[in-house]
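Comments concern the structure below.
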Amino acid sequence: MRSPVRAAALLLLAAGPLLTGCISSFVVPGPEETTSPVVAPSAPSTPAPSPTPFAGTVTIRDFSFEPDNFTVGPGAVVTVTNTGTTTHTLTAQDGTFDTGPIAPGAAATLTAPSQPGAYSYHCTFHHFMRGILTVA
(Lines give C-alpha, C1' and ligand atoms only; values in the text may rest on other atoms or scores of the structure.)
Protein backbone atom coordinates (compact mmCIF):
# COMPACT_ATOMS: atom_id res chain seq x y z
CA MET A 1 0.00 0.00 0.00
CA ARG A 2 1.20 3.46 -0.80
CA SER A 3 1.68 6.09 1.88
CA PRO A 4 -0.25 9.37 1.61
CA VAL A 5 3.03 11.31 1.46
CA ARG A 6 4.32 9.22 -1.39
CA ALA A 7 1.02 9.60 -3.28
CA ALA A 8 1.13 13.39 -2.86
CA ALA A 9 4.73 13.48 -4.06
CA LEU A 10 3.85 11.49 -7.18
CA LEU A 11 0.91 13.78 -7.84
CA LEU A 12 3.13 16.86 -7.62
CA LEU A 13 5.72 15.29 -9.92
CA ALA A 14 3.06 14.46 -12.47
CA ALA A 15 1.28 17.82 -12.28
CA GLY A 16 4.45 19.95 -11.88
CA PRO A 17 4.89 20.89 -15.55
CA LEU A 18 1.22 21.88 -15.81
CA LEU A 19 1.34 24.05 -12.67
CA THR A 20 4.53 25.80 -13.76
CA GLY A 21 2.73 27.43 -16.68
CA CYS A 22 -0.11 28.62 -14.43
CA ILE A 23 2.13 29.93 -11.70
CA SER A 24 4.48 31.75 -14.08
CA SER A 25 1.69 34.12 -15.02
CA PHE A 26 1.60 35.30 -11.39
CA VAL A 27 5.35 35.77 -10.96
CA VAL A 28 6.62 39.33 -10.85
CA PRO A 29 9.42 39.90 -13.38
CA GLY A 30 12.89 40.37 -11.94
CA PRO A 31 15.16 43.34 -12.71
CA GLU A 32 16.42 41.69 -15.89
CA GLU A 33 12.84 41.10 -17.09
CA THR A 34 11.46 44.61 -16.92
CA THR A 35 8.43 45.46 -18.92
CA SER A 36 7.33 48.79 -20.29
CA PRO A 37 5.10 50.70 -17.89
CA VAL A 38 1.48 50.98 -18.82
CA VAL A 39 0.55 54.64 -19.18
CA ALA A 40 -3.11 55.55 -19.17
CA PRO A 41 -4.03 58.15 -21.76
CA SER A 42 -4.57 61.53 -20.22
CA ALA A 43 -7.98 63.10 -20.45
CA PRO A 44 -8.14 66.25 -22.56
CA SER A 45 -8.00 69.33 -20.38
CA THR A 46 -11.25 71.18 -20.10
CA PRO A 47 -10.98 74.89 -19.46
CA ALA A 48 -12.62 76.10 -16.27
CA PRO A 49 -15.84 77.98 -16.88
CA SER A 50 -15.34 81.70 -16.64
CA PRO A 51 -17.56 83.72 -14.36
CA THR A 52 -20.34 85.71 -15.95
CA PRO A 53 -18.92 89.17 -16.63
CA PHE A 54 -20.55 92.17 -15.02
CA ALA A 55 -22.89 93.92 -17.46
CA GLY A 56 -21.62 97.34 -16.42
CA THR A 57 -24.92 98.75 -15.14
CA VAL A 58 -26.01 99.28 -11.56
CA THR A 59 -29.67 100.06 -11.02
CA ILE A 60 -30.90 102.01 -8.04
CA ARG A 61 -34.38 100.78 -7.11
CA ASP A 62 -36.04 102.64 -4.30
CA PHE A 63 -33.32 102.51 -1.62
CA SER A 64 -31.02 99.73 -2.83
CA PHE A 65 -28.27 99.13 -5.39
CA GLU A 66 -28.77 96.20 -7.78
CA PRO A 67 -26.35 94.55 -7.70
CA ASP A 68 -24.85 95.93 -4.54
CA ASN A 69 -21.63 93.86 -4.85
CA PHE A 70 -20.01 93.49 -8.27
CA THR A 71 -16.64 93.03 -9.96
CA VAL A 72 -15.18 94.99 -12.88
CA GLY A 73 -11.82 95.33 -14.56
CA PRO A 74 -9.47 98.23 -13.83
CA GLY A 75 -10.71 101.45 -15.42
CA ALA A 76 -14.07 99.95 -16.45
CA VAL A 77 -16.93 102.37 -17.06
CA VAL A 78 -20.02 101.60 -14.97
CA THR A 79 -23.42 103.12 -15.73
CA VAL A 80 -25.63 103.84 -12.72
CA THR A 81 -29.36 104.24 -13.46
CA ASN A 82 -31.77 105.62 -10.87
CA THR A 83 -35.24 104.08 -11.25
CA GLY A 84 -36.30 105.23 -7.79
CA THR A 85 -38.34 108.27 -6.77
CA THR A 86 -35.60 110.25 -5.02
CA THR A 87 -32.08 111.45 -5.85
CA HIS A 88 -29.15 109.13 -5.05
CA THR A 89 -25.39 108.82 -5.55
CA LEU A 90 -22.93 105.96 -5.83
CA THR A 91 -19.88 107.24 -3.96
CA ALA A 92 -16.74 105.40 -2.79
CA GLN A 93 -16.13 105.51 0.96
CA ASP A 94 -12.61 106.77 0.27
CA GLY A 95 -13.74 109.24 -2.42
CA THR A 96 -12.08 107.29 -5.28
CA PHE A 97 -15.22 107.56 -7.43
CA ASP A 98 -18.51 109.43 -7.25
CA THR A 99 -21.39 109.70 -9.69
CA GLY A 100 -22.65 112.90 -8.13
CA PRO A 101 -26.41 113.28 -7.59
CA ILE A 102 -28.55 111.17 -9.93
CA ALA A 103 -32.14 112.39 -10.23
CA PRO A 104 -35.06 109.92 -10.54
CA GLY A 105 -35.15 108.50 -14.08
CA ALA A 106 -31.60 109.71 -14.87
CA ALA A 107 -28.28 107.89 -15.25
CA ALA A 108 -24.62 108.70 -14.61
CA THR A 109 -21.31 106.91 -15.21
CA LEU A 110 -18.27 106.30 -13.09
CA THR A 111 -14.84 104.95 -13.93
CA ALA A 112 -13.55 102.13 -11.74
CA PRO A 113 -10.17 102.64 -10.10
CA SER A 114 -7.10 101.30 -11.91
CA GLN A 115 -5.79 99.57 -8.77
CA PRO A 116 -7.23 96.10 -7.99
CA GLY A 117 -9.03 95.84 -4.68
CA ALA A 118 -12.40 96.05 -2.95
CA TYR A 119 -13.95 99.51 -2.73
CA SER A 120 -16.86 100.08 -0.35
CA TYR A 121 -19.43 102.57 -1.57
CA HIS A 122 -22.64 104.21 -0.38
CA CYS A 123 -25.26 106.82 -1.29
CA THR A 124 -24.28 110.17 0.21
CA PHE A 125 -27.95 110.99 0.84
CA HIS A 126 -28.88 107.60 2.32
CA HIS A 127 -25.89 106.14 4.19
CA PHE A 128 -27.64 102.80 4.81
CA MET A 129 -27.44 102.15 1.03
CA ARG A 130 -24.10 100.33 0.67
CA GLY A 131 -22.19 97.98 -1.56
CA ILE A 132 -18.75 96.83 -2.69
CA LEU A 133 -17.17 97.39 -6.10
CA THR A 134 -14.32 94.94 -6.61
CA VAL A 135 -11.64 95.71 -9.19
CA ALA A 136 -9.90 92.56 -10.42
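The values are calculated or read from the model by the stated rules, or taken from the named source; none is laboratory data. Because the structure is predicted, anything quoted here is derived from the model rather than measured. Neighbour counts run over all protein chains shown; Cβ positions are idealised from the backbone, glycine included.
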Next item on the list: Among residues belonging to segment 63-81 that are surrounded by 14 or more Cβ atoms within 10 Å (Cβ to Cβ) and among the small types (Gly, Ala, Ser), point out the one that is farthest from Leu110 (Cα to Cα).
Entry: Ser64
Notebook entry, point to check: Name the residues in segment 77-89 that are assigned to a loop (DSSP other than H, G, I, E, B) and touching a Cys at 6+ places or on another chain (Cβ under 7 Å), would you?
Noted result: Thr89
Next item on the list: Please name all residue pairs, on different chains or six or more residues apart, with Cβ atoms under 7 Å, provided the first residue is in segment 74-101 and is on the phi > 0 side of the Ramachandran plot and the second residue is at pLDDT 95 or above and crowded, with 18+ Cβ neighbours inside 10 Å.
Entry: Gly75/Ala112; Gly100/Thr89; Gly100/Ala108
Next item on the list: Please tell me if Pro74 is modelled with pLDDT of 60 or more, closer than 30 Å to Gly131 by Cβ and part of a loop (DSSP other than H, G, I, E, B).
Entry: yes
